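Asks: Below is the structure I would like to discuss, written out as structure tokens.
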Amino acid sequence: MNRDIIALVAKLVLLFRNPESYKRFLACRDADAQQLLDLLQDLLDLDSFSAVKPLIFQALMRLSRDSGLHPRCFSLPELHKVGQQVTGGGFGDLWQGLVCGQSVSVKMMRVFKNAHIDAILKEFSREALIWRQLCHPNVLPFFGVYYLENRLCLVSPWMENGNMMDFLTNENPCNTALHSEILDVALGLQYLHAQNVVHGDLKAINILVTPSGTACIADFGLSSIADIMTLRFTHSTSYVQGGTARYQAPELLRGEKRHYGSDVYAFACVCYEILTGMVPFHELPNDMAVILQVIQGKHPSQPVMCRNTATLESLWKLLIDCWEENTDSRPPAPQIVERLAGSSIGATPTLSAAKDWDETFTSKFRRSLQAQPLLPSVNQIEHILFGSGWFIFEVLFVLN
């Protein structure tokens, strides 16, 4: 079977690299498109093919966008809301829910004017597609999608500890624990950037805390594949160029595109929140005042708690470097992790007796809800490849 799957992936890659074949592939609709999306997602769920997964994922993204469909494994069975709305964001409201007795977080799309519905549905679908591919101890897993009250929902595990600011308020951890939480966030960011994902909206309320006390990055509503132009909405006042103003790098405030360096800038703002318990530029009355300061090259001033010890001075120096005006001068995520774990700061990842989730967490949850094999049957694959007219000629061409 492994040999057959390798042969199938090789044929798909050749088809994707042929402009005419790729164009016809993207023109698939309805049942053909659905089967292809299911196949591509199942291939992405395998541990193999890391070298060509970006190509497969790009094909999945584009076909999903053009067809208006997503892989069927994203769809969950009956979901129930529990209690009151927890919070709201730029495009969605957050509720607690239940799926098959498991407590989950439900991000429900808000109702907008008809003119915006298609664009926002595409944004939510894009978030789901990106999120589904991610698996790391410091990145919140994705369970699937659900339509509730005619509104699209993105479903993930419920984090009882809440976001980072809730956790810090309730637990009041020591400096060593704070440094561990900061390193957790840096490890999650390093992973996202290694996957070519720009988060785009890093802030403490988008950092959740797992049952073991580990920090994990959540809310990918503004994340983007680094080399793909992202949608921008004009109906929200909560964001400036796709992110909350107090966490925006100066180049974003000047209208430039989000990138890895802007995530690094926002990471330093998250560190400031974790260390002080206050938002960046908390002394300024509104976002416009913050924007004026940032454009002038200002950054948050050093708090008292970041003085008087070599460790805290080293940590503050790292934040200063992350806030550099010149984006090329900001340290990349791997260097941030190295400096945090180095002898001058000495941060260690949050320890836990057991992992909160492993590499197969989301797929295990999926299989517990849907009795289906990881890959389609041989008959299904034959139908996908040979059932529509253009594919049979393309595959025969490749075989020859």
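The values are calculated or read from the model by the stated rules, or taken from the named source; none is laboratory data. Bear in mind that the values here come from a model prediction, so they are computed numbers and not experimental data. Neighbour counts are summed over all protein chains in view; Cβ atoms, including those assigned to glycine, are modelled from backbone coordinates with ideal geometry.
Asks: For the stretch 231-275, what are the residues that are of a type in the set (S, T, N, Q), crowded, with 17+ Cβ neighbours inside 10 Å and modelled with pLDDT under 95?
Replies: Once the filter is applied, which keeps residues that are of a type in the set (S, T, N, Q), crowded, with 17+ Cβ neighbours inside 10 Å and modelled with pLDDT under 95, the stretch 231-275 yields Gln241, Thr244, Gln248.
Asks: Within the stretch 38-45, is even one residue free of Cβ contacts under 8 Å to residues at least 24 places away in the same chain and hydrophobic (A, V, I, L, M, F, W, C)?
Replies: No, the stretch 38-45 has no match at all.
Asks: Also: Hey, among the residues in the stretch 23-72 that are among the charged types (D, E, K, R) and assigned to a loop (DSSP other than H, G, I, E, B), which one's surrounded by the most Cβ atoms within 10 Å (Cβ to Cβ)?
Replies: Arg29
Asks: Return the total of residues in the stretch 296-316 being assigned to a helix (DSSP H, G or I) and surrounded by fewer than 14 Cβ atoms within 10 Å (Cβ to Cβ). Walk me through it before giving the result.
Replies: Restricting attention to the stretch 296-316, the residues satisfying the condition of being assigned to a helix (DSSP H, G or I) are 304-306, 310-316.
If we keep only those that are surrounded by fewer than 14 Cβ atoms within 10 Å (Cβ to Cβ) too, we end up with 304, 310.
Count: 2.
Asks: Which one of these is at pLDDT 85 or above, out of contact with any Pro (no Cβ under 9 Å at 6 or more places or on another chain) and closer than 18 Å to Glu127 by Cα: Arg65, Arg110?
Replies: On the way: Arg110 fails: at pLDDT 85 or above.
Result: Arg65 is the single residue among Arg65, Arg110 that is at pLDDT 85 or above, out of contact with any Pro (no Cβ under 9 Å at 6 or more places or on another chain) and closer than 18 Å to Glu127 by Cα.
Asks: Given the structure, is Glu20 touching a helix residue (DSSP H, G or I) at 6+ places or on another chain (Cβ under 9 Å) and surrounded by fewer than 16 Cβ atoms within 10 Å (Cβ to Cβ)?
Replies: Against the criterion (touching a helix residue (DSSP H, G or I) at 6+ places or on another chain (Cβ under 9 Å) and surrounded by fewer than 16 Cβ atoms within 10 Å (Cβ to Cβ)), Glu20 qualifies.
Asks: Mind listing just one residue for me: the one in the stretch 76-103 that is surrounded by 15 or more Cβ atoms within 10 Å (Cβ to Cβ) and small (Gly, Ala, Ser) and, of those, modelled with the highest pLDDT?
Replies: Out of the qualifying residues, it is Gly97.
Asks: Where residues in the stretch 130-151 are at negative phi, touching a helix residue (DSSP H, G or I) at 6+ places or on another chain (Cβ under 7 Å) and assigned to a strand (DSSP E or B), which of them is modelled with the lowest pLDDT?
Replies: For the stretch 130-151, the residue satisfying everything is Val145.
Asks: With respect to Leu351, determine if the residue is closer than 28 Å to Gln195 by Cβ, exposed (fewer than 12 other Cβ atoms within 10 Å of the Cβ) and either modelled with pLDDT of 85 or more or not hydroxyl-bearing (Ser, Thr, Tyr) (or both).
Replies: Yes.
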